[in-house]
Structure formats: structure tokens, C-alpha cells
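Heads up, the thing below is written out as C-alpha cells.
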């Protein structure tokens, strides 16, 4: 297994890795809307936080040697399903290949944020 780590995505908030590559697949940790350059949440809207989440995922995908076109599965966590449509508008700009997805509402996310996304992608070796 290969640990994936980059300073272009937020550092882990707990005892976990940003991601792993194993047998040609990349598994990311969930990403939230923290800007890694400032180590701060800079948006209080679902659109702004989703945009930052996708930028963080892009950085991890790059560090793993893959990209959004190779994502096969995402799991999305929303603090409020009332944000579903607005979340999807931003999400759709990045996940144009329409990978398989689960999207669920959760009671609370780290730092009381509005969304979190984790993914699995193929890494072509």
C-alpha cells in the first residue's frame, strides 16, 4: 500500500491518512471545506464549501496519480438535505463522468460544516 499525502489538501484532523493507493485503486479520506493554504473554513455556504471540497479532492487525486475521470465511487455527506440541489450543481462541474454515488444526511460534520465527500478512483499504472 502507498500512503497518499499532499499539502495541497487539508491535513488530517485525527488519526488517519489523506488516502491510500492499493492494487490500482485510490481510496480517499473524507474531505471537508477547509482551505489548506489558510487552514481555515472560508465559506459558510454549501456552494463555497462544496467548491473547496472538490479542490481538495482534486489535489488528492493528483497526488495519487489519477483524476476525476477515473473516480468510480463517491460517498457524500450533507448536514441538511435541503442543500442537495445546490450541492449537486457544484459537484456536477467536477464529477462529469458521473461515478456511482451515495449521498446521505448526517447529524453533524467536523467543524459543523455543511458537506463532506470521500471517493474511490482507478489509478492507471
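What follows is calculated from the coordinates using simple rules that are stated; it is not laboratory data. Since we're looking at a predicted model, the values are computed, not measured. As a convention, Cβ positions derive from the backbone with ideal geometry for all residues, glycine included, and neighbour counts pool all protein chains shown.
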Exercise for the section: Mind pulling the angle between the C-alpha long axis of helix 84-94 and the longest principal axis of the chain? Nearest 10 degrees, somewhere in 0 to 90. Expected result: 30
Fill in the blank from the handout: Extension length gain for residue 107 and residue 75 (0.36 nm per residue less Cα distance), in nm, is 10.0 nm
Exercise for the section: Determine by what factor the alpha-carbon radius of gyration of the chain differs from 2.2 N^0.38 Å, reporting the quotient. Expected result: 0.98
Exercise for the section: Mind giving me the FRET efficiency for residue 98 and residue 39? R0 is 41 Å, r the Cβ-Cβ distance, nearest 0.05 is fine. Expected result: 0.80
